[in-house]
Amino acid sequence: MAEEARRGQGPRRAAVREAVMLLLCLGVPSGRPYNVDTESALLYQGAPDTLFGYSVVLHSHGPTRWLVVGAPTAKWLTNTSVVNPGAIYRCQIGKNPNRTCEQLQLGSPGGEPCGKTCLEERDNQWLGVTLSRQPKENGSIVTCGHRWKNIFYMKNENKLPTGVCYGMPSDLRTELSKRIAPCYQGSINVHRGRTEINT
């Protein structure tokens, strides 16, 4: 009897197991398979130790197609005094036999005002850790660095790691990029050539 109790109810247990399997097979939606073309893959490479490829977005503007790539620990080419701020790159698909990529400079290399009670620290901000694209044709791109910090209150030993994002138009013209600091309560508004700081 102890042997039967340990093994379960025998045929009854097998019937329950079969019923559960049948319900799982019929009730759970199946996944959709897809193919990854490994024969004719395009390979783009970034500098070592930059986490090149951490985030990737396919992008098009008119007939031009791009692979936009995040490298969260990359150094900037235009300002080497900032320590590993991270960067994004655009890599043209087609008409690019050497598969080269160009680093895009978002924001001012020397820094930008961020508000009355804000002083930015861009070291190790991990710009390019996320990339997102609007799904519509010629959609704009947003990239973020979640480790950007406001060090205005550092005299009180407080760094406020609120993060920063940049929005870029679909033509990837970085001079038209806009900084977005959604977690900072003060803001900067630029209206027709003049800058207003709101707190």
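The values are calculated or read from the model by the stated rules, or taken from the named source; none is laboratory data. Note that the coordinates shown come from a computational prediction; the quantities given were computed from them, not determined experimentally. For neighbour counting, all protein chains shown are included, and Cβ atoms are generated from backbone atoms with ideal geometry for every residue, glycine included. Accessible surface areas use protein heavy atoms only, side chains included; no ligands, DNA or RNA. Shrake-Rupley method; radii C 1.70, N 1.55, O 1.52, S 1.80 Å.
Starting from the 7 Å offset along Cα-to-Cβ, what nm value, one decimal, do you get for the label separation of Glu102 and Ala41?
Going from the Glu102 label point to the Ala41 one covers 2.7 nm.
Taking 0.36 nm per intervening residue step and subtracting the Cα-Cα distance, what contour gain separates Ile180 from Lys116 on full extension?
The Ile180-Lys116 span can extend by a further 21.4 nm.
Find how much the distance from Asn79 to Arg173 grows on full extension, using 0.36 nm per residue of separation minus their present alpha carbon separation; answer in nm with one decimal.
Values: separation 94, 0.36 × 94 = 33.84 nm, distance 1.87 nm.
Contour length minus Cα-Cα distance gives 32.0 nm.
Between Asp123 and Tyr153, what length in nm is gained on full extension when 0.36 nm per residue of separation is reduced by their alpha carbon distance? Walk me through the numbers on the way to the answer.
Working: separation 30, 0.36 × 30 = 10.80 nm, distance 1.68 nm.
Extra length available between Asp123 and Tyr153 comes to 9.1 nm.
Residue by residue through region 96-111, what is 3J(HN,Hα) from phi via Karplus (6.51 cos²θ - 1.76 cosθ + 1.60, θ = phi - 60°)? Round to whole Hz and write x for glycine and proline.
Computed from phi, the couplings for region 96-111 are 8, x, 8, 6, 8, 10, 10, 6, 9, 8, 9, x, 7, x, x, x Hz.
Can you list residues from other chains, or at least 5 along the same chain, whose modelled amide H is less than 5 Å from the amide H of Val129?
Close amide H contacts, sequence-distant or interchain: Cys144, His146.
Determine the per residue accessible area of region 55-180 with all protein chains present and a 1.4 angstrom probe, expressed in square angstrom.
Counting only protein heavy atoms, the per-residue value for region 55-180 is 52 Å².
What are the residues whose amide H is under 5 Å from the amide H of Arg65, where those residues sit 5 or more places off or on another chain and H is modelled from the backbone?
Close amide H contacts, sequence-distant or interchain: Ile93.
Run through every distinct alpha carbon pair of region 47-189 and return the Kirkwood hydrodynamic radius in angstroms, one decimal place.
15.6 Å
Using a basic spin-label model with each label point 7 Å from the Cα along Cα→Cβ, how many nm lie between His61 and Ala14?
Using points 7 Å along Cα→Cβ, the separation is 6.7 nm.
Note down the nm distance, to one decimal, between modelled labels 7 Å out along Cα→Cβ at Asp49 and at Glu137.
So the label points at Asp49 and Glu137 sit 4.6 nm apart.
How charged is the neighbourhood of Asn79? Take every other residue with its Cβ under 14 Å from the Cβ of Asn79, and add Lys/Arg as +1 and Asp/Glu as -1.
Result for the neighbourhood of Asn79: -2.
Not counting ligands, DNA or RNA, and with a 1.4 Å probe, what is Arg133's accessible surface area in Å² rounded to the nearest 10?
Estimated to the nearest 10 Å², Arg133 gives 60 Å².
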